[in-house]
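Have a look at the structure below, then the notes.
The values are calculated or read from the model by the stated rules, or taken from the named source; none is laboratory data. Bear in mind that the values here come from a model prediction, so they are computed numbers and not experimental data. Glycine gets a Cβ as well: all are built from the backbone with ideal geometry, and neighbour counts include every protein chain shown. Heads up: the accessible areas ignore ligands, DNA and RNA and are worked out on the full protein's heavy atoms, side chains in. Shrake-Rupley method; radii C 1.70, N 1.55, O 1.52, S 1.80 Å.
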Amino acid sequence: MRNFLTLSLLVVGTTSAFAQFTNGNFGTGDFTGWTIAPTSLGTTAVQQVVSFDIDGPGALTSSLSGQFSVGRQTGVTTGSHGITITQMLNLTASTAYTFDFDWAATRTITTTNAEGGVFSLIVNGVAIVTQNAGSTSSTVPHYGHITASFTPTATGAFSVGAMITRPFTVPSPATLLQNVDNFTMSPAVPEPATMAALGLGVAALLRRRRK
């Protein structure tokens with residue numbers, strides 16, 4: 001019984017040991033695991049993974065992050081547009097999930113832009129929480145952190161990630177940049193293959209004890 005309890009606890013403990021966002025800190029040096037798409041009338045002049053200090057004067061140091069320069073497509077004169085960066089995550093009904101990510105809006109020149117970026121945590125295309133950078137220049141950068149809770153009413157695959165927009169066209173050259181990094185989810189859920197392997201281990205242990 002003691003061995004069974006130990007293995008059972010391992011199965012339960014493993015649930016919190018796995019992150020569900022793939023490449024949530026862009027450690028692969030690219031956008032592996034992510035789907036990036038323009039909004040209906042949006043675009044980006046920059047789409048790359050670079051080393052960047054996502055919280056500026058904060059506690060974090062420079063690390064790899066996703067970098068963009070978003071805005072309306074040429075000729076579009078209304079609305080806030082840009083891109084989405086998402087992943088499909090398997091969520092369980094009635095489970096409260098918390099999603100987090102860091103963002104930054106920076107400008108490489110002193111001229112102020114009226115909106116450095118509008119950052120939203122989105123689930124299935126719906127914004128759960130939104131933060132605006134506001135007026136941004138090289139002397140006034142902006143850094144933020146978004147935390148949002150979501151409880152699905154059904155079990156299944158959900159598109160989760162960030163939407164980055166601006167109510168202006170992209171500056172040319174692209175001197176206004178938006179960065180995102182450190183996507184996390186809690187509680188994290190182990191991969192099905194891992195759970196299956198652990199379940200087989202428990203079953204094997206039970207069979208051995210019955211002999």
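Per the Kirkwood definition applied to all pairs of different Cα atoms, how many angstroms is the hydrodynamic radius of the stretch 79-136?
13.7 Å
Assuming 0.36 nm per residue, please report the length gained on full extension of the stretch Ser159 to Asp30 beyond their Cα-Cα distance.
Residue separation times 0.36 nm, minus the Cα-Cα distance, leaves 44.5 nm.
Evaluate E = 1/(1 + (r/R0)^6) for Val140 and Ser51, where r is the Cβ-Cβ distance and R0 equals 25 Å; express this FRET efficiency to the nearest 0.05.
0.65
Give, in nm to one decimal, the length gained when the segment between Val129 and Thr110 is fully stretched (0.36 nm per residue of separation minus the Cα-Cα distance).
Answer, rounded to one decimal: 3.9 nm.
Around Ile146, what is the net charge, scoring Lys/Arg as +1 and Asp/Glu as -1 over all other residues with Cβ under 11 Å from its Cβ?
Once positives and negatives cancel, what remains is -2.
With the full set of protein chains in place, find how many percent of the accessible area of the stretch 42-144 is carbon and sulfur; take the probe as 1.4 Å.
51 percent
When Lys and Arg each count +1 and Asp and Glu each count -1, what net charge do the other residues less than 11 Å away from Asp181, Cβ to Cβ, add up to?
So the surrounding residues net to -4.
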